[in-house]
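Asks: Pasting a structure here, questions to come.
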Ligand code: NAD
Ligand code: UGA
């Protein structure tokens with residue numbers, strides 16, 4: 001957690017022309033965008049159809065776990081930031097309307113755009129003068145053209161709106177910092193009028209005035225090095241988003257494949273990734289092996305991007321392979337658990353981590369939950385801990401075979417093995433001497449390479465991780481047999 005407190009000084013840099021903004025959808029993206037636009041000096045109404053969510057926000061409760069988000073909401077709530085379920089009231093006054101609703105996968109892999117269409121239809125009945133409608137959700141190419149068509153079909157005159165594509169690149173866990181210190185801001189539009197509104201919205205970031213403010217959220221941008229704004233066509237902006245996520249997912253599948261080679265030949269993936277990643281053309285980021293990528297975005301966006309390509313008559317087989325490697329990565333880790341413990345039925349498994357990655361309470365498409373499900377299917381008893389995601393996970397596991405504990409040490413009581421599934425840094429700080437005393441067998445399976453192998457071996461653990469040599473506390477064990485590959 002950062003020590004930074006954005007509430008401590010409420011004086012702002014001068015913003016010459018604040019924009020009245022409505023954000024439709026108050027989830028991970030909409031809520032962060034709304035809070036950040038308020039932080040930039042704009043006047044923001046945040047809308048959601050979920051009455052419970054809006055009531056909570058109105059009473060000052062933030063229901064998602066995201067660093068700095070509660071502080072920013074508290075700072076601006078009731079001043080430049082308000083919440084409502086009434087789309088018409090929000091749209092009435094707004095100059096720019098951001099659509100930030102979900103675009104989940106359908107069975108076919110295509111993105112389900114029904115939430116976007118529903119918002120567009122509602123907007124059509126509320127528009128009362130020129131509005132810039134901004135597509136913030138991640139969507140297939142041509143969605144902005146479809147939104148324009150829906151508005152026109154529902155009687156909105158062409159001169160009353162422009163639809164702009166402004167994809168979002170934030171990561172959960174670091175969403176506020178990512179939003180206010182972006183690598184780039186992409187604005188896809190052919191309309192100079194709409195572009196001018198978008199420039200005003202992002203001006204504090206692109207001119208750098210925001211970073212000079214006494215209470216600005218710190219990050220990689222500065223007055224001297226402000227955010228870059230790229231103007232593109234709408235179609236290019238839509239493709240930039242899908243292509244960026246696809247590239248990052250490809251990097252993860254690549255490093256997971258190399259991790260498997262490391263295991264087969266006795267090399268160490270950390271050393272290999274460092275050696276490869278120091279090449280500036282490649283870069284070290286997104287080269288951490290593990291359980292494969294999860295979350296609400298990469299899995300669905302890879303599928304949606306393949307569907308886009310297929311509709312354009314192309315087969316993005318590369319992405320098929322990225323998905324296949326990702327699925328196998330989890331299966332491979334499960335094999336390691338099975339071959340380290342031999343039989344699983346009746347074994348007591350201590351689970352650390354349920355979120356799809358550290359820093360979030362989000363369990364959507366979490367590799368951790370997929371591993372837990374498989375362990376339950378194999379007849380294990382599971383005791384789990386996560387610093388943020390237990391409430392979300394509990395809602396998905398009615399089974400009595402899984403229990404949740406508030407203290408991470410308690411998962412290890414009488415456990416046959418400890419399995420690390422999310423890389424929360426606080427887990428690396430635990431007292432493993434104490435953990436060893438509590439466990440039935442001193443076995444750790446580290447799906448995120450969170451721990452130091454040397455330290456674990458010195459403390460007498462059997463330690464199995466990803467792309468690194470496994471260490472067995474017991475002597476005379478044939479390691480090749482252990483993996484069963
Ligand atoms: P989310 O599920 O957390 O939030 C979506 C919100 O939209 C929900 O609160 C829902 O109640 C609301 N909603 C649905 N229909 C509505 C309607 N008709 N009117 C008003 N509100 C409505 O989703 P999210 O994670 O914020 O993602 C939103 C979009 O942003 C997706 O397209 C996603 O791919 C994209 N995106 C997400 C992230 C991320 O890190 N989560 C990052 C970049 C882009
Ligand atoms: C990702 C992108 O990083 C964002 O730029 C994008 O805006 C967002 O998707 C989106 O479109 O919604 P996010 O899903 O929050 O952000 O999480 P990441 O930090 O990118 O991690 C995604 C998954 O990949 C996690 O399961 C993580 O554990 C895994 N990962 C990440 C690895 O296995 N190895 C790595 O080196 C990096």
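Read the figures in this text as sums done on the coordinates, not as results from a lab. Just so you know, these numbers come straight off a predicted model, no measurement behind them. No Cβ is skipped: glycine too gets one built from the backbone with ideal geometry, and neighbour counts run over all protein chains shown.
Asks: Look at residue 253 and say whether it is assigned to a helix (DSSP H, G or I), touching a helix residue (DSSP H, G or I) at 6+ places or on another chain (Cβ under 9 Å) and within 11 Å of ligand 2 (Cβ to nearest atom).
Replies: When the stated conditions are applied, residue 253 passes them.
Asks: Return the total of residues in region 301-315 being in contact (Cβ under 8 Å) with a residue 60 or more places away in the chain and either touching a helix residue (DSSP H, G or I) at 6+ places or on another chain (Cβ under 6 Å) or near ligand 2 (Cβ under 9 Å from one of its atoms) (or both).
Replies: Qualifying residue count, region 301-315: 3.
Asks: Oh, and also: For region 256-269, indicate whether the set of residues that are crowded, with 17+ Cβ neighbours inside 10 Å, under 22 Å from residue 171 (Cβ atoms) and in contact with a strand residue (DSSP E or B) (Cβ under 8 Å, 6 or more places away or on another chain) is non-empty.
Replies: No, there is no match, as no residue in region 256-269 is crowded, with 17+ Cβ neighbours inside 10 Å, under 22 Å from residue 171 (Cβ atoms) and in contact with a strand residue (DSSP E or B) (Cβ under 8 Å, 6 or more places away or on another chain).
Asks: Quick check: is even one residue across region 212-221 in a helix (DSSP H, G or I) and either within 23 Å of the chain's Cα centre (by Cα) or crowded, with 17+ Cβ neighbours inside 10 Å (or both)?
Replies: Checked region 212-221: no residue is in a helix (DSSP H, G or I) and either within 23 Å of the chain's Cα centre (by Cα) or crowded, with 17+ Cβ neighbours inside 10 Å (or both).
Asks: Take the residues of region 154-169 that are surrounded by fewer than 20 Cβ atoms within 10 Å (Cβ to Cβ) and in contact (Cβ under 8 Å) with a residue 24 or more places away in the chain: which is farthest from ligand 1 (Cβ to nearest atom)?
Replies: The qualifying residue farthest from ligand 1 (Cβ to nearest atom) is 159.
Asks: Any chance region 292-305 includes a residue that's within 17 Å of the chain's Cα centre (by Cα), in a loop (DSSP other than H, G, I, E, B) and on the phi > 0 side of the Ramachandran plot?
Replies: yes
Asks: Report the residue count in region 177-195 for those that are out of contact with any strand residue (DSSP E or B) (no Cβ under 9 Å at 6 or more places or on another chain) and over 19 Å from residue 137 (Cβ atoms).
Replies: 5
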